[in-house]
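**Q** I'd like to ask you about the structure that follows.
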Amino acid sequence: MEFLDMILGIDPNFIVIGLIAIFFSLEQVSQSPVNFKKRIHHLFHNLLFQVILVGLNVFFVTFQVFSIEWLNEHHIGLLYLIELPFWIKLFISVALYDITAYWIHRGTHVIPLLWRFHRVHHSDTSMDASTVFRFHPFELILVFGMGNILTAALFGTDVLSMAVYYLFLYVFFFFEHANLTYPKWLNSSIGLIFVMPDHHRVHHQQDQYYTDSNYADIFIVWDRVFGTFKIMPAQKNKYGLTEFDEDKKQTFLFLIKSPFLNIKRITIDGKKKNKPE
Ligand SMILES: [Zn+2]
Ligand SMILES: [Zn+2]
């Protein structure tokens, strides 16, 4: 409990800065699976998303915390119907935030208005640790932020479990997006339960057959249970979205206004020819 208090007592922004420093440095010194050019330029444009988010979060996190505390004070949600030990309730709550995010993420792929915002994350043609920051702030605040309030309203999860969820979420995000070579045995061991980099790389493919799969952030079991789990041959790797391929469409300014532009989705129908072997 004391350890948990100590970790949660750290300003979340420092945790994010620490994680990007660790993963970005590892990417520079180790053998990366994919070679990208202009890494600092890429980092700069992705970092600008985080700067905007930190500014907006000053207001929005307060709103989120206030809403969830209000729901908890009124004992709203299914977890109030049963008495559970602290750690079990914490684990279940983290899983509930994650499963809600899974369904919302699926929604962002099928609802055209939400895809306009979510495609900013998918637009990155050079996926690395900084891709973690490349989310349109409207998506994180309105879609996923409201999703956390919805989770609390349905299940009675609290602010503490949300903080633990975010801590794990960011660690997993950096782990999944980093351009690092990981041992393959991860996939057949902890990868049966948790999201591994090889799983999330499938989700970032230009081929929509693969883009519309592996939606989970922490627990890959959601994809396995709900039939959206896919694997692919590593040599077919091509990140991004065809309609965002040009360099001028990879800048912060273009991406931040892109949800309001009519950009037609160019789908590669690889369904038949690219089935996993
Ligand atoms: Zn997605
Ligand atoms: Zn991603």
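The values are calculated or read from the model by the stated rules, or taken from the named source; none is laboratory data. Worth saying up front: this structure is predicted, and the values here are computed from it rather than measured. With ideal geometry, Cβ positions are generated from the backbone for all residues, glycine too; neighbour counts draw on all protein chains shown. Only protein heavy atoms, including side chains, enter the accessible area calculation; ligands, DNA and RNA are left aside. Shrake-Rupley method; radii C 1.70, N 1.55, O 1.52, S 1.80 Å.
**Q** May I ask you to give the percent of accessible area on the chain that is carbon plus sulfur, with a probe radius of 1.4 Å?
**A** 71
**Q** Taking 21 Å as the cut-off for C-alpha to C-alpha distance, list the pairs among Lys38/Lys238; Lys89/Lys184; Lys38/Lys264; Lys38/Lys257; Lys37/Lys248; Lys184/Lys230 that go past it.
**A** Checking Cα-Cα distances, Lys89/Lys184; Lys38/Lys264; Lys38/Lys257 exceed 21 Å.
**Q** Here's another thing I want to ask about it. What figure, in Å² to the nearest 10, do you get for the accessible area of Ile76 with a 1.4 Å probe and non-protein molecules left out?
**A** Counting only protein heavy atoms, the figure is 60 Å².
**Q** To continue, here is another question. What FRET efficiency comes out for Ser188 versus Trp115 if R0 is 41 angstrom and r is the Cβ-Cβ distance? Round to the nearest 0.05.
**A** Using R0 = 41 Å, I get an efficiency of 0.80.
**Q** Using the charge dipole of the range 2-260 (Lys, Arg: +1 at Cβ; Asp, Glu: -1 at Cβ; taken about the Cα centre), state which of Phe60, Pro183, Trp70 has its Cα farthest towards the positive end.
**A** Going by the Cα projections, it comes out as Pro183.
**Q** Something else now. Could you give the length gained by full extension between His74 and Phe60, i.e. 0.36 nm per residue of separation minus their alpha carbon distance, to one decimal place?
**A** Fully extending the segment from His74 to Phe60 adds 2.9 nm.
**Q** With just the Cα atoms of the range 78-153, tell me how far they stretch along each of the three principal axes, in Å, largest first.
**A** 47, 27, 17
**Q** Determine the per residue accessible area of the range 169-277 with all protein chains present and a 1.4 angstrom probe, expressed in square angstrom.
**A** 49
**Q** Using the Cα centre as the reference, give the magnitude of the dipole from point charges on the C-beta atoms of the chain (Lys, Arg: +1; Asp, Glu: -1; all else neutral), rounded to the nearest 20 debye.
**A** 1340
**Q** Averaged per residue, what accessible surface does the range 52-124 expose to a 1.4 Å probe, in Å²?
**A** 55
**Q** Could you give the semi-axes, largest first, of the ellipsoid that matches the range 2-260, computed as the square roots of 5 times the alpha carbon gyration tensor eigenvalues and rounded to whole Å?
**A** Square roots of five times the eigenvalues give 29, 21, 19 Å.
**Q** DSSP H helices in the chain with Cα extent of 24 Å or more along the helix axis and mean Kyte-Doolittle hydropathy at least 0.5?
**A** Long hydrophobic helices here: 12-29, 39-73, 86-110, 159-177.
**Q** Calculate the FRET efficiency for Leu47 and Phe138 from the Cβ-Cβ distance with a Förster distance of 25 Å, rounded to the nearest 0.05.
**A** 0.85
**Q** Only helical DSSP H runs with n ≥ 4 go in: add -39500 (n - 2.57) per run for the chain, normalise by residue count and round the 222 nm mean residue ellipticity to 500 deg cm²/dmol.
**A** Theoretical 222 nm ellipticity from helices: -17000 deg cm²/dmol.
**Q** Distance from a point 7 Å along Cα→Cβ of Lys264 to each backbone N in the range 191-232: keep the residues under 20 Å and list them by number.
**A** Answer for the range 191-232: 206-209.
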